[in-house]
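So the structure is just underneath, and the comments pick up after that.
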Amino acid sequence: MDRAQHIVTEPEDRKKEEEHIRQALRKCNYPDWSFDKVKQQQATKSKKTNKKTDSDSKSKGMVVIPYIQGVSEKLQRVFRKHNFSTAMKPHTTLRKTLVHPKDKRQTTETAGCVYEIHCQNCDFTYVGETGRLLGTRIKEHCAEAEKISSKIHTRATRLTSVSDQHKSAISDHVATTNHIIDWEGVKILHREDQKYPRWIREATWIRRRGDKVMNNEGGAAFNLSHAYDHIIQSTSRNTPSSRNTSSASGITHT
């Protein structure tokens, strides 16, 4: 019957084919009602197919949503009312649960970044940049700061240390205040491998920190114009606090 319906195209030829099938079934002792039942089933199936085709043609598009039991079904009904087809995908898969192709990299092993170091005794911070491993640069800061701290014993030696030229503003802060630096709480503010974009990022972060930064005016590698101050301050309100950025650990110093 399926062959007669789909292969034969002309209505008269289809009637002849159906009659031929009926006669063949009678010779095989099939009752007439069996032929009529199959024909009725085919007609019902054809109506359902046509209805589904019409429904698909009216669809406004496909929406893919994660499957959450009790929620996805309700969303599917809502989308159906507005003629959107829906497809569901698993929210949690074995791949997401079991497969972790990369180990988490330590902060100190990060190269090419803008970083921030806090003082433990005041609200001042130091913002710097490096194209090398962060751990290597922090050890250099730490070594110079420890060298300065070990020399400060009297007012005279402290004044002499203040007048010395140091490699960074963080060393000047230690020499001036004799404060302790939070080496374990180093933060990565931004990742950037290119040198000049990294310099601009450093200057931008220094300007964002305002008057609570150890860096001297013009201390950044890039001289950022003050014409950008209004834009920097307005965007800094939507920037996460440095306390929420990546922190370093495992930096050993003496």
Task: Trp199, Trp205, reordered so the largest accessible area comes first (probe 1.4 Å) - done: Trp199, Trp205
TODO: Note down the accessible area of Lys45, probe 1.4 Å, to the nearest 10 Å².
DONE: 150 Å²
TODO: Would you kindly derive the ³J(HN,Hα) couplings of segment 85-94 from the backbone phi angles with the Karplus curve 6.51 cos²θ - 1.76 cosθ + 1.60 (θ = phi - 60°), listing them in order in whole Hz, with x for Gly and Pro?
DONE: 7, 10, 10, 10, 10, x, 6, 10, 10, 5
- [ ] Quick one: which residues, 5 or more positions from Val213 or on another chain, have an amide H under 5 Å from its amide H? H modelled 1.01 Å from N in the peptide plane, none for Pro or chain starts.
- [x] Thr125
Open item on the list: Heavy atoms only, 1.4 Å probe, whole protein assembly: order Arg209, Arg105 by accessible area, highest first.
Closed with: Arg105, Arg209
TODO: With a 1.4 Å probe and every protein chain left in place, work out the accessible area per residue of segment 101-144 in Å², rounded to a whole number.
DONE: 50 Å²
Task: Computed accessible area, Lys96, all protein chains, 1.4 angstrom probe, square angstrom - done: 130 Å²
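The values are calculated or read from the model by the stated rules, or taken from the named source; none is laboratory data. What you see is a predicted model; the values in this text were computed from it and never measured. What goes into the accessible areas is simple: the full protein's heavy atoms, side chains included, and nothing from ligands, DNA or RNA. Shrake-Rupley method; radii C 1.70, N 1.55, O 1.52, S 1.80 Å.
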